[in-house]
Amino acid sequence: MDQHKTTAGALQTPMTGPINNPAAVAQALLHNPGATQALNNNPTAATAAQALLGNHGVTHKPHLNNPGVGQQLISYPGVGQQHINNPGVGQQLISYPGVGQQHISNPGVGQLMGVPGPGLGSINKPSTAQALMRSPSDSRALIRGDRGSMLSMSDDNVMMNQILATHAPDGREFDVRPLLYLVEDILNRATQHVDFLVKGTLDQVELEERAQAANHIAMLEALTYTIDRIACELSYKALGGSDAHATTTAIFNLLSSYTWDAKLVISLSAFALNYGEFWLLAQIYSTNQLAKSMAVLRQLPSLLEHAAPLKPRFDALNSLIRTMMDVTRCVVQFKELPLKYISPDAPALATAMTHIPTAVYWTIRSMVACATQISSLTNAGHEFGVSTTESWELSTLAHKLRNIYEHLKQQLSYCYKHIDERMDVEIYQMLLAIFDPNVLHIDNMKALKALIYDKDDKQPLLDGATKRQVSLDVLRRKNVLLLISSLEFANDELAILEQIYNESRIHATRLESQYEVVWILIVDHSIIPLPEEMQTKFENLQSTMPWYSVQDPLFIKKPVIRFIKEVWHFRTKPILVVLDPQGKVVSPNAIHMMWIWGSTAFPFTSLREEALWREETWRLDLLVDGIDPTVLTWIKEEKYIFLYGGDDIEWIRRFANSARSVASASRIPLEMVYVGKSNKREQVKKVTGIINAEKLSYAWQDQAMIWFFWSRLESMLFSKIQLGRGDDQDPMLQQIKKLLSYGREGGWAVLSRGSNIAVNGHSSTVLPALGGYDEWKINVAEKGFDGAFKEYHDKLHDAAHPCCRFEFPNTIRIPETMRCPECPRLMEKYTAFLCCHDEQGIPGSLF
């Protein structure tokens, strides 16, 4: 077909004389909107044009039956673009702008042809075509009514059946990702050039180096011929005004042997080749003589001079291109899904696979529309008026393609969720296998990588001493203490841990044993990245720690958190899991033995914990060791000591006064120390203030001392249970349970002489025992003060057992049954919820 560019000036000459070729007149009119004025001066020409544009009062059937006329009339891209190839097809008027692409730049003429749209199909029924040709108003109504659905269901099915019929993959598979990297780089840079031309600004986008690998270059060489053919197809058909569906189908025929993702990426590569060349010339033609000459041939200078008024069209074009890239990436991501974790029958994947052919079709169809728009721009001569209809065509296509993309993206998110769940289960099962106590490892690296970070591309640890990032290799074949906590980590806890850490390093040096501590922060992945306040708190905590820490909480995967919670019973309070140099767990939580014995518990194994318990007895220095040197001095001096607590100030007054009176009557050296309660921090502060003011007794002023006393006592119980020694025949355990229960319910007192504990009693029995001094004082000379008091107290205790209660956090293994330490009955088991607001300042309290 003969193709040429007609300018306004060229049109004036033939239209001032007799009209011998009406088709040529209409052809010039369709190609050049500026010809309207010429028609106004030539009624004959106007009459001929009307005949060709669908006025049923003039000759329209001869033109439909004349292939030469039909082809010549509607062969110019960017305007009417109705390409009629033969008499039979000529009768099939293409009513959808994406297929017929009826585009008239002159509104006066355009009204005869209808408003352009995205072009989604063709009408194959002659009756419909004739109706549209006879009545332009009917054509506009049909187009307007079809803007929402674009195609009827039957036409859509016919169209997709044609596309599916071209699909005959030969089984070859290749990685399209490197090619996609190149295409994205080209199109990302190209779509920025509108702002560059209008504003003079251009962002820098770095090309992915992965696309430059040698094996990727070889792959590109194998596809060069196919890419060039499609690029030529896009350019030629755009210039020739070919039917968009026919052009799209031709591209599918060229790509019949490829998979859907490959069809899409190869087609996008061809489009990027043309579009990238277009904008490359636009960018450098002013500074490069070769580029300037080529740009003149492509008529780019005049186009770029009008870049500002054409910006809406460029924006519509670039919006569609970006959506094309989004769909392409999405389709490639579906192809890359690991079938190990998701079956093709999975609902989300199966749904997506049925829609991918449609997505590929409309994306390639959009490339054809973009190519046509570019051709329209470069062949528009000096008429660069903004065409809202052409922008509408592209934006409508972009809207349809965006809907397809959103649907695919949603299905892809479902697929990723399914895969993540399957992978999480696999990782969890792997952790169970790695930490199986019967499995032996050469070193601890497999265990540490499974827990913290399993790749070698990053250094996951922060060295607390140097504040530098380091790899997991610094822990190889060392004893590793995993300090696992939430952000609710109090400064007092850190201070005590740091003291134990420093003392333990001295032990380790002496024993020639290497060990390190690693802090692992556990946070909910739903709040990652951390809010600013939490991130600041994390960094502040991290900066105070002298040991290693995982430098980013995101390194700890969800299945690892599940393992830590379910197997190691972590909730919110810190735990300290100890791994030996082979990565075997030698203590599921050494925090308890640390609180009880400090660095003496080194190397913090369960075997060491059991050995320490075998050496222990129920004595006062076990309760207060490492807390208050004043009490330890009283113990050495073999004084009588009342260790007492509670929050009832009236009971405390009566108890303190009675104890002092009885001691004076018995002429014994008695000291008393108030150690508060395991809860009710604010009330304990008030009581301490009253004790000081009234000089009732000695009292611990530092709340950290009170916290540590109760934490150590709780740790004694948890340590016994953790070792499986929580039986009811252990006398020491019974006394620990009593004291913990008393600490929750009312007042209490422990009487000792030196280190030997004589009485561990509740407020309901201790105060009456002191009040009954006259009854038991006669036994003091024979049995001693402590012996006489114990005998009388036990009689009162047997007559009235105080209620006992224990509340276990989920951080430990809760025993199935427990007997009351006051009586032999089995205790009842309840579930409780606590919210003690005044305890927020008690660091690490487990109750």
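The values are calculated or read from the model by the stated rules, or taken from the named source; none is laboratory data. Just so you know, these numbers come straight off a predicted model, no measurement behind them. A quick note on method: Cβ atoms are made from the backbone with ideal geometry, for glycine too, and the neighbour counts reach across all protein chains shown. Please note that ligands, DNA and RNA were not included when accessible areas were found on the heavy atoms of the full protein model with its side chains. Shrake-Rupley method; radii C 1.70, N 1.55, O 1.52, S 1.80 Å.
In the same structural domain as K790 (by the TED database), exposed (fewer than 15 other Cβ atoms within 10 Å of the Cβ) and among the basic types (K, R): does that describe R660?
Details: in the same structural domain as K790 (by the TED database): yes; exposed (fewer than 15 other Cβ atoms within 10 Å of the Cβ): no; among the basic types (K, R): yes.
So R660 does not fit the description; no.
Quick check: anything in region 261-272 of a type outside the set (D, E) and under 14 Å from I374 (Cα atoms)?
First pass over region 261-272, keeping only residues of a type outside the set (D, E): 262-272.
Those still in the list that are under 14 Å from I374 (Cα atoms) too: 271-272.
There is at least one residue in region 261-272 that is of a type outside the set (D, E) and under 14 Å from I374 (Cα atoms).
Does any residue of region 744-757 turn out to be under 18 Å from L643 (Cα atoms), part of a loop (DSSP other than H, G, I, E, B) and not small (G, A, S)? Before the answer, list the steps.
Of region 744-757, the ones under 18 Å from L643 (Cα atoms) are 744-757.
Next cut, part of a loop (DSSP other than H, G, I, E, B) only: 745-747, 754-755.
Still in the list and also not small (G, A, S): 745.
Yes, the conditions are met somewhere in region 744-757.
Can you pull out the helices (runs of 4 or more DSSP H) entirely within region 634-729 that have at least 2 residues that are within 47 Å of the chain's Cα centre (by Cα)? Working first, answer last.
On the way: elements: 649-666, 681-694, 703-722.
The qualifying helices (runs of 4 or more DSSP H) are 681-694, 703-722.
Considering every residue within region 474-483, establish whether at least one is in a helix (DSSP H, G or I) and either more than 22 Å from the chain's Cα centre (by Cα) or not charged (D, E, K, R) (or both). First the steps, then the outcome.
So the first thing to find is which residues in region 474-483 are in a helix (DSSP H, G or I), and the list is 474-475.
So of that shortlist, the ones also either more than 22 Å from the chain's Cα centre (by Cα) or not charged (D, E, K, R) (or both) come out as 474-475.
Yes, because at least one residue in region 474-483 is in a helix (DSSP H, G or I) and either more than 22 Å from the chain's Cα centre (by Cα) or not charged (D, E, K, R) (or both).
Could you please find all residues in region 253-274 being open to solvent by less than 20 Å² (accessible area, probe 1.4 Å) and not in a helix (DSSP H, G or I)?
Let us first name the residues in region 253-274 that are open to solvent by less than 20 Å² (accessible area, probe 1.4 Å), namely 255, 261-272.
Listed by number, the list holds a single entry, L255.
Could you say which residue among L475, L487, L451 is at pLDDT below 90, in contact with a Leu (Cβ under 8 Å, 6 or more places away or on another chain) and either open to solvent by 30 Å² or more (accessible area, probe 1.4 Å) or more than 23 Å from C330 (Cα to Cα) (or both)? Before the answer, list the steps.
On the way: L475 fails: at pLDDT below 90; L451 fails: at pLDDT below 90.
After ruling out the rest, the residue left standing is L487.
Which ones in region 275-312 are among the hydroxyl-bearing types (S, T, Y), open to solvent by 10 Å² or more (accessible area, probe 1.4 Å) and at pLDDT 70 or above?
Step one: filter region 275-312 for residues among the hydroxyl-bearing types (S, T, Y), giving 275, 285-287, 293, 302.
Of the ones still in play, those that are also open to solvent by 10 Å² or more (accessible area, probe 1.4 Å) are 285-287, 293, 302.
Once the filter is applied, which keeps residues that are among the hydroxyl-bearing types (S, T, Y), open to solvent by 10 Å² or more (accessible area, probe 1.4 Å) and at pLDDT 70 or above, region 275-312 yields Y285, S286, T287, S293.
If the Cβ limit is 8 Å and pairs must be 6+ apart or interchain, which residue in region 599-612 that is at negative phi pairs with which residue that is part of a helix (DSSP H, G or I) and among the hydroxyl-bearing types (S, T, Y)?
S599/S504; F602/S504; E609/S719; L612/T600
Hey, can you tell me all the residues within region 513-531 that are open to solvent by less than 40 Å² (accessible area, probe 1.4 Å) and either of a type in the set (G, A, S) or more than 13 Å from D552 (Cα to Cα) (or both)?
Of everything in region 513-531, those that are open to solvent by less than 40 Å² (accessible area, probe 1.4 Å) and either of a type in the set (G, A, S) or more than 13 Å from D552 (Cα to Cα) (or both) turn out to be S513, Y515, E516, V517.
What's the number of the only condition in (1) surrounded by fewer than 19 Cβ atoms within 10 Å (Cβ to Cβ); (2) more than 29 Å from the chain's Cα centre (by Cα); (3) modelled with pLDDT of 90 or more that W392 fails to meet?
(3)
Would you please list the contacts, defined by Cβ atoms under 8 Å and residues six or more apart or on different chains, that run from a residue in region 541-569 that is open to solvent by 60 Å² or more (accessible area, probe 1.4 Å) to a residue that is modelled with pLDDT under 95 and of a type in the set (K, R)?
Listed by first residue and then by second, the contacts come to S543/K467; K565/R571; H569/R813.
Residue under question is Y698, and the condition is that it be open to solvent by 30 Å² or more (accessible area, probe 1.4 Å), in contact (Cβ under 8 Å) with a residue 24 or more places away in the chain and at negative phi; does it hold? Talk me through it step by step, then tell me what you get.
Values: open to solvent by 30 Å² or more (accessible area, probe 1.4 Å): yes; in contact (Cβ under 8 Å) with a residue 24 or more places away in the chain: yes; at negative phi: yes.
When the stated conditions are applied, Y698 passes them.
So the check is Cβ under 8 Å with 6+ separation or different chains; which pairs have a first residue in region 227-252 that's closer than 21 Å to L179 by Cβ and buried (at least 20 other Cβ atoms within 10 Å of the Cβ) and a second one that's of a type outside the set (A, V, I, L, M, F, W, C) and at pLDDT below 90?
Matching pairs, first to second residue: A231/N274; L234/N274; I251/E233.
Starting from residues that are under 20 Å from I635 (Cα atoms) and hydroxyl-bearing (S, T, Y), keep the ones in region 746-768 and report whichever is most open to solvent (accessible area, probe 1.4 Å).
Checked region 746-768; the qualifying residue most open to solvent (accessible area, probe 1.4 Å) is S755.
Any idea how many residues of region 600-633 are buried (at least 18 other Cβ atoms within 10 Å of the Cβ), among the aliphatic types (A, V, I, L, M) and either in a helix (DSSP H, G or I) or touching a Pro at 6+ places or on another chain (Cβ under 6 Å) (or both)?
Here the count works out to 6.
In region 526-558, what residues are out of contact with any helix residue (DSSP H, G or I) (no Cβ under 9 Å at 6 or more places or on another chain), assigned to a loop (DSSP other than H, G, I, E, B) and farther than 17 Å from L482 by Cα?
P531
Which numbered condition trips up S375, out of (1) in a loop (DSSP other than H, G, I, E, B); (2) modelled with pLDDT under 85?
The one condition S375 does not meet is (1).
Tell me, yes or no, whether region 409-417 has at least one residue that is open to solvent by less than 80 Å² (accessible area, probe 1.4 Å), among the hydrophobic types (A, V, I, L, M, F, W, C) and outside the structural domain of W568 (by the TED database).
First, the residues of region 409-417 that are open to solvent by less than 80 Å² (accessible area, probe 1.4 Å): 411-413, 415.
Filter once more, keeping what is among the hydrophobic types (A, V, I, L, M, F, W, C): 412, 415.
This time we only want the ones that are outside the structural domain of W568 (by the TED database), so: 412, 415.
There is at least one residue in region 409-417 that is open to solvent by less than 80 Å² (accessible area, probe 1.4 Å), among the hydrophobic types (A, V, I, L, M, F, W, C) and outside the structural domain of W568 (by the TED database).
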